[in-house]
Amino acid sequence: MIRAKKVLTAVALTTALGLAAACAGPSPEAPGTAAELRMTVWTSNEAQLKLLTSIGDAYRADHPEVSKITFESLPFADYNTTLTTQIAGGNAPDLAWMGDLSKDLIASDALVGLTDKLKATDGWQYDDLLGSVTAEFSRDGTLYAYPFSNSPFALYVNTDLLAKAGQKVNPATLTWDQVAAAGAAVHAKTGKAGFVIRDFDYKSWNTLATVWTGWGAAAWSADGKTCTFASPEMEQAFTFLHDAAFKTKAMPGPGTTADFFAGDAAFTIAQVSRASLLTGSFKFGLYALPTGPAGKYAVLGQAGVGVLASSKHQDQAKDFLVYLTNPVNAEKLAQFFPPPRKSLLTGAKLAANNKVLNATQLQTAVVDQLPNAVTLPNHTSPAEIAQKGKTALDAMWRADADIPAVLRSVCTAIEPILAK
Amino acid sequence: MTTTTQPPEQVVVPAAAKARRASGPSFWTTRRRDVLTGYLFILPQLAGVAVFVLLPVGMAIWYSLNDWNVFTGKQTFVGGENYAALADDPQLPKVLLATVIFSGGVVVVNITLGLLIAVLLNRRFRGVTLFRTLFFSPVVVSVVAWTLVWGFLLQDNGGINGLLGAVGIDGPNWLQHGDTAMVSVVITQVIRSVGVNMVLFLAALQGVPEELYEAARIDGASSRSVFARITLPLISPTLLLTVIVTVVGALQSFAQIAVLTGGGPELSTTVLVYYVFQQAFEFNDIGYGSTLALMLLSFVMLLTLLQWQLRRKWVFYED
């Protein structure tokens, strides 16, 4: 009994010490001290970080109230988890890049509204922003993140591989059926893959929106409340994909890797920004997405940058964001990220900073697509929807899959989350 | 011989000591000093346990009673709601089943294989050191690097199926079907960690007195009964240790699952610790994630306690 008491005393003492140590937060900032801003990004590209740093340095030169601007590069794969953990741990950055986490951040009032400040800033030209690219980052008419990157998905074609298999495609009239037929022929004749939906890998099913949109299908209703996975259009789109994976072999099956940019596939659907992966080892073509049964369509992947409401330097962070995204800096950023500004969206302007793609390609695959493009499926609780959807869709990737039943099971899995 | 008797020496007591005696015994007795010294010695360890174990467990208990919006930092006390949610979670039974299969598989295969290799390598033959090194070497490889390489090997068009194809066998798509995916993660985990158990068993085997084997041989005992009646009982303390360590290790396996299968296909490899990570850090449901983590902690404690209690029945202690 006495021993137990002693042990308890020791544990209580050390727990108290531990708690005291844990609760002793950082010392409060002295009043009047210049602010240090931190912005999380997922790029580790040296040229991109150099550009961001140079813009930050130029801003600081005119703004002594900001003593330091750090661009914290987080790994892309864990970006959302790391950012969320930082926010939850009271160590949120002042500004952050965001992708599919934007809906959660906006819905939780974790971001600061930007519209008033941007409109009130002389020369910022708010009306220059393309309406179709701001919708994803807006709520009730207020923009919460500047969509700095708007990269449409396009069809990359390895023309060398097609020629080897005796195939030819006409980009002006190209349909998904033709892509599948040519892909199957390439696979049969060369052993290489036909078409690859980049980053899908039988896991990231939201990238399949680059296909099913061509059938007029969508993951959920426009208000995000109702699952539409079990629609006839979706069933047709998945039948097409299933046939390509298991019957015609136009698409590599589950567990098989094929990298278009290494010359392993005839076609890939990827964002235009992925053109930097082209090494020149084969001749390629870059076209708009193939036409589906529902006609022509475009899909884009977006990234935004916003100011966190928990930032201790909200005003300075907002002010820096305005500077970072003004017309002059937007033009600089456009060399890496397709911009949201109409004035910068011409094939010729984009090509001026692009070493891989020419003006015609950029006009066709980017500029012409953006006004009517739909974004990849995005909703609050994106990770939970992605995981539950993937678990249900796993049953799809078997040769004997019951496609309608699997699609219904996807709705059963994600509807409770959509309804939240 | 003369003896001189001297008067007893007078003891001079200092005034301060007199005052202390007058006010009662000193607080700092030798015993108390010893106790304090003892506590000071264990303080660093206890502080570590307090900060990195007790405090997180306490916080996990608190989080499990709250709903925490991680984006705003707002916590709402919900009492036992997260515990009630355990019963309503349709995925949890599948997760628990996967945890039992994975942990059971790892423990059985790891202990059996570890013991078998140790017995085989507990002999003197040319190159025995090389074999011991080979079996132990995966232990020092980073888990993520090891799993990534196995991920490539286990692809449909990967190295394993390439080898099988060379001998005319059409290998399965290992990571795409529930059964083969589970087999893959178990085997991958065992190959990486079996070296530790092998070394422990080897040390235990070398501690078994040679004269016992000699006596058994003289008595005409078969190899099987020598192993069952001499070797196993004498290495049973090590067996207990390895079982406990392997069970706890299997229940903590995370990186292998995260890298190799991501818990799929269809939750078939989603073990509890991975599910905790998903709920807490991917779905941002810290409350429910903490509840699951406490459930996992209870399982580990119960299993360890059970094995510890059962040791009297099957562990042989010389003393």
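The values are calculated or read from the model by the stated rules, or taken from the named source; none is laboratory data. Nothing here was measured: the structure is a model prediction, and the numbers come from that model. Positions of Cβ are backbone-derived with ideal geometry, glycine not excepted, and every protein chain shown enters the neighbour counts.
Listing for the model above:
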quantity	calculated
Condition check for B:Val51: facing chain A (nearest Cβ under 10 Å) and either surrounded by fewer than 17 Cβ atoms within 10 Å (Cβ to Cβ) or of a type outside the set (Gly, Ala, Ser) (or both)	yes
Members of the range A:140-178 that are part of a loop (DSSP other than H, G, I, E, B) and among the polar types (S, T, N, Q)	A:Gln167, A:Asn170, A:Thr173
Residue match in the range B:177-194 (condition: more than 22 Å from the chain's Cα centre (by Cα), of a type outside the set (Lys, Arg) and not in a helix (DSSP H, G or I))	yes
Residue match in the range B:162-172 (condition: part of a helix (DSSP H, G or I) and crowded, with 18+ Cβ neighbours inside 10 Å)	no
Looking only at the range B:55-101, and only at residues there that are at the interface with another protein chain (Cβ under 9 Å from one of its Cβ atoms) and aromatic (Phe, Trp, Tyr), the one that is surrounded by the most Cβ atoms within 10 Å (Cβ to Cβ)	B:Phe71
Residues within the range A:385-420 that are in a loop (DSSP other than H, G, I, E, B) and not basic (Lys, Arg), tallied	6
Any hit, the range B:225-246, residues being aromatic (Phe, Trp, Tyr), more than 21 Å from B:Ala204 (Cα to Cα) and at pLDDT 90 or above	no
Restricting the range A:327-340 to residues that are under 22 Å from the mean Cα position of the chain (by Cα) and surrounded by fewer than 21 Cβ atoms within 10 Å (Cβ to Cβ), the residue that is farthest from A:Gly285 (Cα to Cα)	A:Asn329
Subset of the range A:108-125 (residues that are within 12 Å of chain B (Cβ to nearest Cβ) and either in contact with a Lys or Arg (Cβ under 8 Å, 6 or more places away or on another chain) or buried (at least 22 other Cβ atoms within 10 Å of the Cβ) (or both))	A:Ala110, A:Leu111
Residues being under 22 Å from the mean Cα position of the chain (by Cα) and away from chain A (no Cβ under 11 Å) - total across the range B:275-316	29
Residue in the range A:158-173 that is surrounded by fewer than 18 Cβ atoms within 10 Å (Cβ to Cβ) and under 27 Å from the mean Cα position of the chain (by Cα) present	yes
Filter result for the condition that a residue is of a type in the set (A, V, I, L, M, F, W, C), in contact with a Gly (Cβ under 9 Å, 6 or more places away or on another chain) and over 20 Å from B:Val141 (Cβ atoms), over B:Val243, B:Val183, B:Val167, B:Val208	B:Val183
Filter result (under 13 Å from B:Leu240 (Cβ atoms) and among the hydroxyl-bearing types (Ser, Thr, Tyr)) within the range B:290-315	B:Thr304
Complete set of residues in the range B:244-262 that are surrounded by fewer than 24 Cβ atoms within 10 Å (Cβ to Cβ), part of a loop (DSSP other than H, G, I, E, B) and within 14 Å of chain A (Cβ to nearest Cβ)	B:Phe254, B:Gly262
Residues being touching a helix residue (DSSP H, G or I) at 6+ places or on another chain (Cβ under 7 Å) and closer than 28 Å to A:Ala351 by Cβ - total across the range A:301-321	3
Filter result (among the small types (Gly, Ala, Ser) and in a helix (DSSP H, G or I)) within the range B:195-239	B:Gly195, B:Ala203, B:Ala204, B:Ala215, B:Ala216, B:Ser223, B:Ser225, B:Ala228, B:Ser236
Residue within the range A:250-262 that is in contact with a strand residue (DSSP E or B) (Cβ under 7 Å, 6 or more places away or on another chain), crowded, with 19+ Cβ neighbours inside 10 Å, within 23 Å of A:Thr364 (Cα to Cα) and touching a residue at least 40 places away in the same chain (Cβ under 8 Å) present	yes
